[in-house]
Each structure stands twice: as C-alpha cells, then as structure tokens.
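> My structure is below; once you've seen it, I'll send some questions.
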Amino acid sequence: MMTIRFWGTRGSIASPGKSTVKYGGNTACVEVRAGNQILIFDAGTGIRDLGNLLLKEFKTKPATLHLFISHTHWDHIQGFPFFMPAYFKNFQINVYGPPARDKSLKDLFKFQMDSEYFPVPLGGLNAQITMQEIREPFRIGDVQITSFFMNHPAMTLAYKIFDGEKTFIYATDNEPYRYTLNAVRKHPMATQYGVELDQKFIDFISGADFVVCEAQYTLEEYRSKVGWGHSPVESIVEFAIKANVKRLALFHHDPSHNDAAIDAIVTHAQKLLSTQKSAVQCIGAAEGMTIHLG
Ligand SMILES: [Zn+2]
C-alpha cells in the first residue's frame with residue numbers, strides 16, 4: 001500500500017485566497033508513505049502543515065523522514081525553515097537533491113537560512129540532518145528510488161519510487177525539449193532532437209501507476225514563456241499517453257490561475273485523453289487530497 005498526500009500543489013509562489021481554495025495556495029510538497037517509509041517531495045510552503053502533523057504523530061519518539069528536493073528554486077525549498085520536525089532532536093531528516101552545479105545542496109539550504117533572510121541558521125536546528133546529492137539509483141528499506149534530469153533552468157530531478165508493487169513518480173518543473181531546443185537553435189534538426197530527448201522522459205515515466213507531473217500552462221500561455229522551464233498541458237497529456245501511465249495528477253499550478261482556470265485545464269486534459277481513447281486517468285492535484293495505491 002502506498003499513500004500519497006498533497007500538501008502544496010502551487011508553482012512559483014504561494015497564492016492563498018478565496019479564488020484558490022479548491023486546489024490550494026501552498027507551493028510544492030507531496031508526502032508519500034511507502035513500505036513503512038515517510039518520503040516527502042519538495043519543501044515548498046506546503047511542508048509547514050505536514051511538519052505540524054508529523055510532530056503530533058511522533059511527539060518525542062524517534063522518526064526518520066526522507067526529503068527529496070527536485071531543485072532549489074524558492075517554491076521548492078522555502079517551507080523548510082518552517083518545517084518543525086527540523087527543530088527537534090528525535091527527528092532524523094535525510095535530504096536528497098540534484099548534484100551541485102557550483103554550490104552544494106547543503107550550501108543552498110544554508111544560504112536561505114542566512115541571518116539576512118531568516119533568524120535561525122541551518123546549523124541551529126536540533127534534528128539530525130543529512131544532505132546528499134544523488135546520481136545513482138538507491139534503496140531505502142524496501143523502496144527503490146531512481147532519478148531523472150529534467151529540462152529546467154536549474155539542476156532539477158524527477159524521482160521514481162517503486163515499493164515492489166506500485167510505481168509513483170514526482171516530475172515537476174520540466175519543459176519539453178522540442179520547444180526549447182527549437183527556440184535556442186534554429187536548425188531543422190532542433191525539434192527532432194528535442195523530440196528524441198523528450199522520449200527519454202516518456203521512457204522514465206513509462207507504465208507508472210501514479211505520476212505527479214507539472215502542467216503549468218495551456219499551449220497558448222506557453223508561447224510567451226518558452227525557456228522558463230515549464231510545460232503546456234497538451235505536452236503532458238501526450239507524454240502520459242505515450243508512456244501509458246495509469247493515473248496522472250496535474251501539478252505546479254500557475255499562481256495566476258484561480259480554481260476555475262485550473263478546472264478548465266483539467267477538463268481540457270481529460271477531453272484530449274478521451275478524444276484519443278486513452279485509458280489514462282487525469283486529475284488536478286489539490287491541496288489536502290489523499291490517494292491510496294494498492
Ligand atoms: Zn517550481
């Protein structure tokens with residue numbers, strides 16, 4: 001049994017208010033309980049409420065949490081200083097993230113807690129915290145973890161979790177290569193090469209039981225945002241069909257999209273799937289939503 005819970009589904013910046021109540025205003029954070037392990041994907045503002053619940057669950061009992069960071073843009077790390085388990089010594093927090101470009105994962109976390117930005121330094125937290133930059137597949141107990149590099153203006157990883165029965169994928173902040181390569185290099189082969197690179201992503205998510213995938217824009221909105229590192233929903237639907245995934249959760253909602261706009265994107269995706277007679281089930285990821293697999 002794998003349980004998935006969305007604590008933050010918004011991309012870019014938190015967007016609370018009456019118009020975002022259905023899908024939520026908190027930035028990226030997804031909790032997965034698999035094979036007795038507690039896995040957390042990203043530390044956007046949604047991780048604050050998750051942390052408060054974990055404190056209630058474990059109190060002073062020892063607990064190990066595994067936090068997977070897709071990349072260190074604000075909407076994926078900004079909640080960490082407000083993640084209360086980090087302040088208590090009974091918690092072991094193992095943080096995993098992409099390999100460094102010029103600053104280590106630990107330094108990037110340290111810098112956002114520098115006294116100019118935040119009152120408590122990373123070194124002032126009482127939990128046992130480890131930081132690991134990952135490249136190779138590895139296991140945590142019965143859970144196998146594989147990662148994949150995304151096309152985004154930062155070192156960014158997607159994660160695949162397999163508990164022996166079900167496959168869960170967290171894949172956010174990704175832009176189809178076919179568009180970016182074509183934009184930077186006006187060569188007849190650029191689009192074709194981009195399509196080949198996109199196929200590697202399709203292979204990575206192939207056959208997965210549940211895929212959390214960003215779909216920040218419609219194709220029309222995307223045209224003025226090429227190179228920002230995000231996807232039009234039309235591409236995500238195409239990838240999901242080609243990969244034959246079972247369930248697709250549209251994620252990383254644009255902060256300018258209210259609930260009605262996201263409803264329209266989800267309906268649009270579902271129509272595209274049904275037009276193509278696809279069996280992929282598509283939902284809009286919503287804060288507070290819990291999914292049981294298996
Ligand atoms: Zn983001």
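The values are calculated or read from the model by the stated rules, or taken from the named source; none is laboratory data. Just so we're clear, the structure is a prediction, and the values are computed from it rather than from any experiment. Quick reminder, even Gly has a Cβ in these numbers, built from the backbone with ideal geometry, and neighbours come from all protein chains shown. Ligands, DNA and RNA are stripped out before the accessible areas are found, and what is left, the full protein with its side chains, is counted by its heavy atoms. Shrake-Rupley method; radii C 1.70, N 1.55, O 1.52, S 1.80 Å.
> Per residue, how much accessible area does the stretch 170-275 have with a 1.4 Å probe, in Å²?
Details: 4570 Å² over 106 residues.
Using a 1.4 Å probe on heavy atoms only, each residue of the stretch 170-275 averages 43 Å².
> Sticking with this structure for a sec: Give the longest segment of the chain that steers clear of trypsin sites (Lys or Arg not before Pro) in DSSP loops with at most 12 neighbouring Cβ atoms within 10 Å, not counting the sites themselves. Provide the component values of the computation, followed by the final result.
Numbers: sites that count: LYS59, LYS89, ARG101, LYS103, ARG135, ARG185, LYS186, ARG223, LYS277.
Within the chain, the longest run free of exposed trypsin sites (Lys or Arg not before Pro) spans 1-58.
> Sticking with this structure for a sec: Viscosity 1.002 mPa s, temperature 20 °C: Stokes-Einstein D of the stretch 25-125 from its Kirkwood Cα radius, in µm² per second? Before the final figure, lay out each step's value.
Working: Rh = 13.8 Å.
Estimated diffusion coefficient is 155 µm²/s.
> Divide the volume of the convex hull of the Cα atoms of the stretch 66-117 by its number of residues and quote the answer in cubic angstrom per residue.
Hull volume normalised by residue count: 87 Å³.
> Over the chain, calculate the relative contact order: mean separation of alpha carbon pairs under 8 Å at least 6 apart, over the residue count, as a percent. Numbers along the way, then the final one.
Details: 682 pairs, mean separation 56.3, N = 294.
Value for the chain: 19 percent.
> Return the subset of LYS200/LYS225; LYS186/LYS225; LYS22/LYS59 for which the Cα-Cα distance in this structure is over 25 Å, preserving the input order.
Numbers: LYS200/LYS225 23 Å; LYS186/LYS225 17 Å; LYS22/LYS59 31 Å.
Distance filter (> 25 Å) returns LYS22/LYS59.
> Write out the GluC sites (Glu not before Pro) in the stretch 96-173 meeting two conditions: DSSP loop, and at most 12 other Cβ atoms within 10 Å of their Cβ.
Working: sites: GLU116, GLU133, GLU165; in loops: GLU116, GLU165.
In loop regions of the stretch 96-173 (DSSP not H, G, I, E or B), the sparsely surrounded GluC sites (Glu not before Pro) are GLU116.
> Tally up the carbon and sulfur contribution to the accessible surface of the stretch 1-58 as a whole percent, 1.4 Å probe, everything protein left in place. Write out the running numbers ahead of the final one.
On the way: 1210 of 2190 Å².
Looking at the stretch 1-58 in its full context, I get 55 percent from C and S.
> Sticking with the crude label model, points 7 Å out along Cα→Cβ, report the distance from ASP102 to ASP203 in nm, one decimal please.
Each label point is offset 7 Å from its Cα along the Cβ direction, giving 3.2 nm.
> Moving on. Any idea what diffusion coefficient the chain gets from Stokes-Einstein, in µm²/s, Kirkwood Rh on alpha carbon pairs, 4 °C, 1.567 mPa s?
Numbers: Rh = 19.3 Å.
Calculated translational D: 67 µm²/s.
> Next question. At a 1.4 Å probe radius, carbon and sulfur cover how many percent of the accessible area of the stretch 136-225? Please report the intermediate quantities before stating the final value.
Values: 2140 of 4160 Å².
Carbon and sulfur atoms account for 51 percent of the accessible area of the stretch 136-225.
> I need the chymotrypsin sites (Phe, Trp or Tyr not before Pro) found in the stretch 13-74, filtered to DSSP loop residues with at most 15 other beta carbons within 10 Å of theirs.
Working: sites: TYR23, PHE41, PHE58, PHE68, TRP74; in loops: TYR23.
Loop-located and lightly packed - none at all.
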